[in-house]
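Below is one structure, written out as structure tokens; comments come after it.
The values are calculated or read from the model by the stated rules, or taken from the named source; none is laboratory data. Please read all numbers here as calculations on a predicted model, not as lab measurements. Backbone-built Cβ (ideal geometry, glycine too); neighbour counts: all protein chains shown. Remember, those area values only see protein heavy atoms, side chains included, never the ligands or the DNA or RNA. Shrake-Rupley method; radii C 1.70, N 1.55, O 1.52, S 1.80 Å.
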Amino acid sequence: MRDGMPITESFSNQLDLFMAQTMAEKLLTQHNLAGEEVRAGGFLEARIDGAMCHYHAAEPMHDLAIEAGFKDGLPKVWDRSKVYVLLDHHQPTLSQKLADENAVARREVERLGIKCFHDSEPGIAHQMMLDYGLVRPGELVVGNDSHTLGYGSVNAGATGITRADMLYVLLYGELWFQVPQSIRVVLDGKRPDYPIAKDIILYLAGQYGDDFAQGMSIEYSGTLAPQLSIDSRMCLSTHGVEVGAKFAMFGMDEVTRQFVTTRTELPFEALSADQGAQYAREIRLSVDDMPFVVAKPHQFGNVVPVDEARGTRINQAQIGSCANGRFEDIEIAARVLKKHKVAKGVRFLISPASQQVYLQCLKAGLIETLIEAGAQVITPGCGICQPRVGFLSDGEVCITATTRNFKGRKGSAKAEIYLGGPLTVAAAAVAGEIVNPKEVFSGL
Amino acid sequence: MGFDLNRLIRGRVWKFGDSIETDAINPYYQYPTMEELKQHTMEVYRPEFPREVKPGDVMIAGRNFGCGSSRPGLVLREVGIAAIIAESVSRLFLRNSISRAIPIFVVPGITALAEDGDTLEVDYPKGVIVNPATGATLPVNKYPAGIEQIFECGGLLQFAYERYIREAALAGRSGLEKQE
Ligand code: SF4
């Protein structure tokens, strides 16, 4: 789908002001332990503001500490109030092994005196980090999970790190980074009356490849950006990793301020790029002209307009994950299911991203609508995004608004997984096959 | 355990495509233990890989190697892969490999340098990769000094431990006795 698409691309003017910095350059300069200004390409030791450790935090971390040479495990954490441990992913515990790991986690949290601990709360750690105001604008936050990038939605510099990196961070509150090149993704258009973020990121991956931002920092801007809800921004930032990015950030605005200040009283300093900052690349997308799209099996960038996959029979449809388990994703499904029933033979699974999101959906009456129409609501968590809940069998087809469609992601390597936005998924669930949402949703 | 940057690596090539994901390298959902992983790594792309890979083999791949989750590729080292060379590597996989001192090289053009089953030589000190059969070569970039140090320590874990011991000694703390 590389031809005739409404995207223009240009390279930034190399003669721009020399001193101006991108968001990533500014963020890392402010966090540089050496106190010097850093530029794209440079290496630095950075000061970390927050460390998110999800369910793989404690036991593997304890084992790594022993492997490193600490006989009794981690001797300390650098700052007890900046380490966040959230036993998420699979709650209530799915196996004996997880139960035993969680027990180690509790012991470690206690021993190390970690202050913020969400013990066995159903949900996805990334959503809880945002729900509970644990990420502030301008902070440099790391997590032992690839989708940590999602906190860029609230103007933070956030990225996934490896477990060994995390051990280093827990000890010292510091970590090495290479300053990324920045890529400006300019989204222009009017906000439609349904979530659009998933289609945008899939579309970009289809157009530019699933690594178009490899190792880079994405800055989202354009006339659409301020109109996007925090939920939509979270989807776009979270999916930064699916296109290879290190950071995927939005600027600060009233929407962000409102979201953050209702969740935390701690002060923060917004992050913005300087006028004339140097971008390695700029991509413009006119969202109003964009078609609905799906990613066909088995890669995120294997994207076609939905009409090209039209008529593909499905066995399962899903909405959930750290990319799409948010209120607006579930709300659009409920709006579709108000007038339609889930097609016979289709299993439609919906999993809110956290207990807070679940509660919000319940209070809005969405859950009732979904269940009456034949959907199944799954406990918040990661199960829906992995082969943990709702396995697929050989030859089965699933369309899902989750993060990944890799081979075997939902069980059988002979199953076919399509990715789509929540509206496209809901439309497929009622049609029993992939359709253009315009065919079933009158709000378009 | 560590990776000696000065050692010449010479091995038989396994060639893979673009965007090989960590689910394929490390399918831990289905196979949670290292022993199981060793029998299933990469099988969604090459079912014979776990059976036929030999210690000292090298892996080459297209762009975006190791995309997906933050899971490491330790299993590749466990089955004996001596080096991973790719057109480009996802940043987390690269970080993971550095952290665990797994030799990994980003070498644009690598997929045109060798075919499956060829032999390749990686000479990091000289900064060159050679296909001895064809004589074709490609340059290998040096890592910055800080990263080389992590490799030399045997990975970031060991690096972290050494720093702790050093600082504890400097501060004259009892941490040293406690941990040693
Ligand atoms: S929802 Fe999926 S992608 Fe997101 S954190 Fe959970 S397992 Fe990872």
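For the segment B:28-34, counting C-beta atoms of other chains within 10 Å of every residue's C-beta and taking the mean gives 2. In the context of the full set of protein chains, residues of chain B present 41 Å² of accessible surface per residue (probe radius 1.4 Å, heavy atoms only). Modelled this way, with points 7 Å down the Cα-to-C-beta line, the labels at B:K38 and B:D116 are 2.4 nm from one another.
The spacing between region B:32-65 and region A:180-229, judged by their C-alpha centroids, is 34 Å. In percent, rounded to a whole number, the relative contact order of chain B is 24, using alpha-carbon pairs under 8 Å and six or more apart. Between B:R7 and A:K339, the C-beta separation translates, for a Förster distance of 56 Å, into a calculated FRET efficiency of about 0.25. When the surface is traced with a 1.4 Å probe over the full set of protein chains, A:Y279 keeps roughly 10 Å² accessible. Measuring nothing but protein heavy atoms, the accessible surface of the protein assembly as shown at 1.4 Å probe radius is 50 percent carbon and sulfur.
Estimated at the nearest 10 Å², the accessible area of A:M252 is 40 Å² with a 1.4 Å probe.
From the cross-link list A:K71/A:K97; A:K296/B:K15; A:K414/B:K15; A:K198/A:K246; B:K15/B:K38, which pairs have alpha carbons spaced over 21 Å apart? Don't skip to the answer; put the middle values down first.
Details: A:K71/A:K97 23 Å; A:K296/B:K15 24 Å; A:K414/B:K15 23 Å; A:K198/A:K246 19 Å; B:K15/B:K38 18 Å.
From the list (A:K71/A:K97; A:K296/B:K15; A:K414/B:K15; A:K198/A:K246; B:K15/B:K38), the Cα-Cα distance tops 21 Å for A:K71/A:K97; A:K296/B:K15; A:K414/B:K15.
The simple Förster model, with R0 at 22 Å and r as the Cβ-Cβ distance, assigns B:D123 and B:E148 a FRET efficiency of 0.90.
Taken per residue, the accessible surface of region A:271-356 reaches 37 Å², heavy atoms only and a 1.4 Å probe.
Plugging the Kirkwood radius over Cα pairs into Stokes-Einstein for chain B, at a temperature of 4 °C and a viscosity of 1.567 mPa s, what D comes out in µm²/s? Once the numbers are plugged in, D ends up at 76 µm²/s.
Sequence-ordered 3J(HN,Hα) estimates for region A:324-334 from the Karplus curve with 6.51, -1.76 and 1.60 and θ = phi - 60° stand at 9, x, 9, 3, 5, 5, 7, 4, 5, 5, 5 Hz, glycine and proline given as x.
Neighbouring Cβ atoms from other chains, within 10 Å of the Cβ of residues in A:157-163, number 5 on average.
Residues of region A:185-224 whose accessible area (probe 1.4 Å, heavy atoms of protein chains only) drops by at least 20 Å² once all protein chains are present, relative to their chain alone: A:D210, A:D211, A:Q214. Residues of region A:389-409 losing 50 Å² or more of accessible surface, assembly versus chain alone, probe 1.4 Å, please list them. Residues passing the criterion (a loss of at least 50 Å², heavy atoms only) are A:F406, A:K407. Could you please state, rounded to a whole Å, how far the C-alpha centre of region A:230-250 is from the C-alpha centre of region A:333-407? The two parts, judged by their Cα centres, are 22 Å apart. When A and B come together, around 3900 square angstrom of accessible surface is lost from both chains combined, probe 1.4 Å. Taking the average, over residues, of other Cβ atoms within 10 Å as the packing measure, peptides A:60-71, A:21-32, A:360-371 rank A:21-32, A:60-71, A:360-371 from highest down. Take each residue in A:63-72, count the other chain C-beta atoms within 10 Å of its C-beta, and the mean is 5. Report A:D131's accessible area, 1.4 Å probe, all protein chains in place, as a number in Å² to the nearest 10. For A:D131, the solvent-accessible surface is approximately 20 Å². The calculated 222 nm mean residue ellipticity attributable to helices in chain B amounts to -8500 deg cm²/dmol, summing -39500 (n - 2.57) over DSSP H runs of n ≥ 4 and dividing by all residues. The modelled label-to-label distance between A:A34 and A:D288, using points 7 Å beyond Cα along the C-beta direction, is 4.8 nm. Projected onto their three principal axes, the Cα atoms of region A:375-432 cover extents of 26, 24, 18 Å, largest first.
Size descriptors for chain A: radius of gyration and Dmax over Cα atoms are 21.3, 63 Å.
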